[in-house]
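Structure record follows, encoded as structure tokens.
The values are calculated or read from the model by the stated rules, or taken from the named source; none is laboratory data. The shown structure was predicted, so the numbers you read here are calculated from the model rather than taken from an experiment. Glycine gets a Cβ as well: all are built from the backbone with ideal geometry, and neighbour counts include every protein chain shown. Side chains included, ligands, DNA and RNA excluded: accessible areas come from the protein's heavy atoms. Shrake-Rupley method; radii C 1.70, N 1.55, O 1.52, S 1.80 Å.
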Amino acid sequence: MKIKTLAYIHFFKYSWEDEGEFRVDSIKLNDNEHHTYVGDQEVEIEVPDNYDPRPQKIAALEKQKQKVMADYQKSVTDINDRISKLMAIEYTA
């Protein structure tokens, strides 16, 4: 299946760069000191007729789940470390 869409071309150049670059975006950006609008072009893109986004979505969610689990484990480890340090402090009243 072929889909048609409009591609917007911009020229980006930041003050710290020696050379700028052309970029293609799906939206037209307003001109500012860092980028200017060059023009647009209709493009035709071939996509599979039976494209199914679910495997990619599942993979992204699995990756997100792994990050959340790792963050959780780090938090638990930090809390346990703080508890251990408090328990090691000798209490004298």
Under 5 Å, built H, 5+ apart or other chain: amide partners of VAL38: ILE9, HIS10, PHE11
Order of exposure, largest accessible area first, which applies to ASP40, ASP18 with probe 1.4 Å: ASP18, ASP40
Within the stretch 1-83, chymotrypsin sites (Phe, Trp or Tyr not before Pro) in DSSP loop having at most 16 other beta-carbon neighbours inside 10 Å: TYR14, TRP16, TYR51
Efficiency of FRET between ILE45 and GLU21 - r from beta-carbon atoms, R0 25 angstrom, step 0.05: 0.70
Lysine pairs within the chain, Cα separation less than 18 Å, 8 or more sequence positions apart or different chains: 7
From phi via Karplus (6.51, -1.76, 1.60), per-residue ³J(HN,Hα) for the stretch 69-82 in Hz, x at Gly/Pro: 5, 5, 4, 4, 4, 5, 4, 4, 4, 4, 5, 4, 4, 5
Ranking by accessible area, most exposed first, for GLU42, GLU17, GLU62 with a 1.4 Å probe: GLU42, GLU62, GLU17
Scattering curve values for the stretch 14-58, log₁₀ I(q)/I(0), Debye with Cα scatterers, q = 0.33 Å⁻¹: -1.29
Whole-Hz couplings from phi, Karplus 6.51/-1.76/1.60, listed for the stretch 50-61; x for Gly and Pro: 9, 4, 10, x, 4, x, 5, 5, 5, 4, 5, 5
Per residue, in Å², the accessible surface of the chain once ligands and nucleic acids are set aside, probe 1.4 Å: 92
Of all accessible heavy-atom area on the stretch 12-93, the percent that carbon and sulfur account for (1.4 Å): 55
Whole-number D in µm²/s for the chain (Stokes-Einstein; Kirkwood sum over Cα pairs; 25 °C, 0.890 mPa s): 128
